[in-house]
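Values in this text are rule-based calculations from the coordinates and carry no lab data. From a predicted model like this one, the values you see are computed outputs, not experimental measurements. Here the Cβ is made from the backbone with ideal geometry for all residues, glycine too, and neighbour counts use every protein chain on show.
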Amino acid sequence: MNHVEFSAKLCKGCGYCVKFCPKQIIQMGNVRSAKGYFNPVIEDMSQCIGCLACATVCPEGAIETFKEVEADV
Ligand code: SF4
Ligand code: SF4
């Protein structure tokens, strides 16, 4: 499964990732980080297509994406 991680340390809660996800699976959470910003959350990671749009638009470099690769067996 593709996987996306948000860094609470770097995120400034701008919401760009929420806006630009083509699958609209990212929402802003309701818990403030230690820095005082609301961070995004993904409830259903299985819907992620690994397009990297979220990581590309994030101005803080706060998103890491892990795309599932089919094993060549
Ligand atoms: S990688 Fe693409 S589909 Fe997955 S959360 Fe980011 S923008 Fe959405
Ligand atoms: S685009 Fe980056 S800084 Fe903005 S809310 Fe998403 S993770 Fe946080």
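Being farther than 14 Å from E5 by Cβ, more than 9 Å from ligand 1 (Cβ to nearest atom) and of a type in the set (V, I, T) narrows it down to one residue among V41, V69, V57; which is it?
V69
Is it the case that region 2-25 has a residue that's acidic (D, E) and out of contact with any Asp or Glu (no Cβ under 9 Å at 6 or more places or on another chain)?
Within region 2-25, the first condition is being acidic (D, E), and the residues that meet it are 5.
Then keep just the ones that are out of contact with any Asp or Glu (no Cβ under 9 Å at 6 or more places or on another chain); that gives none.
No: region 2-25 contains no residue that is acidic (D, E) and out of contact with any Asp or Glu (no Cβ under 9 Å at 6 or more places or on another chain).
Could you go through region 58-73 and let me know if any residue there is assigned to a loop (DSSP other than H, G, I, E, B) and in contact with an Asp or Glu (Cβ under 7 Å, 6 or more places away or on another chain).
At the first step, the residues of region 58-73 found to be assigned to a loop (DSSP other than H, G, I, E, B) are 58-62, 67-73.
Applying the additional criterion that residues be in contact with an Asp or Glu (Cβ under 7 Å, 6 or more places away or on another chain) yields none.
Within region 58-73, not a single residue is assigned to a loop (DSSP other than H, G, I, E, B) and in contact with an Asp or Glu (Cβ under 7 Å, 6 or more places away or on another chain).
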Exercise. Can F66 be described as among the aromatic types (F, W, Y) and more than 10 Å from ligand 2 (Cβ to nearest atom)?
Worked result: yes
For this session: Could you please find all residues in region 9-59 being within 12 Å of the chain's Cα centre (by Cα) and among the hydroxyl-bearing types (S, T, Y)?
Result: Y16, T56
Seminar exercise, completed: Residue set S33, S46; condition farther than 11 Å from V4 by Cβ, polar (S, T, N, Q) and more than 14 Å from ligand 2 (Cβ to nearest atom); output residue S46
